[in-house]
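Contents: one structure, followed by commentary.
Since every read-out is calculated from the coordinates, none of them should be taken as a lab result. Since this is a predicted model, take the numbers as computed values, not measurements. Positions of Cβ are backbone-derived with ideal geometry, glycine not excepted, and every protein chain shown enters the neighbour counts.
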Amino acid sequence: MERLDPQPTHGTPDPLVAGGQDTFPGGASGGTFDPWRYRDDAGVTGADLVGYKVEASDGSIGKVDQASHEVNSSYLVVDTGPWVFGKKVMIPAGTVNHVDHGERKVFVDRNKDQIKAAPEFDETADTDPAYRDKLGGYYGDTYSAIPPGTAGTVR
């Protein structure tokens, strides 16, 4: 699918695309996806993203209601407005592809259906390890198109 925004892509959901030193954008060493860490090249560092519009790979999904920048625990809470009947969704930081500060937009590398099918957001459980494991696992599974341990290897 072609990108609709003029910004270059700074990440990819394809774990076969190595980012150097056996990693891929959004990943940790060894080629694993780290859902709770913003990608180094996403343009998030130090920015307050609250109020920014959020764009999935296939269109707008809402606005950032909360943004966490905690080390190894970062995420966005997005108010989806009428798109998902006014619900909020929690999106791990590792899915953020890039940020356009001029347009006040955050681009995530998931489509609307993937975000809509994610585990339901529970405001009381955002720090609960079991909830985070479930949510991180869901988003991590979309990076798992290849067998574990083969990301970053040359064939």
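Numbers at a glance
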read-out: Per-pair calculated FRET efficiency, R0 = 30 Å: D41 and E120 via Cβ, rounded to 0.05; value: 0.45
read-out: Extension reserve of the T127-V50 stretch, reckoned as 0.36 nm per residue once the Cα distance is removed; value: 25.8 nm
read-out: Computed lengthening from E70 to E103, 0.36 nm per intervening residue step minus Cα-Cα distance; value: 9.4 nm
read-out: Fully extended contour minus Cα-Cα distance, from S60 to Y138, at 0.36 nm per residue; value: 26.0 nm
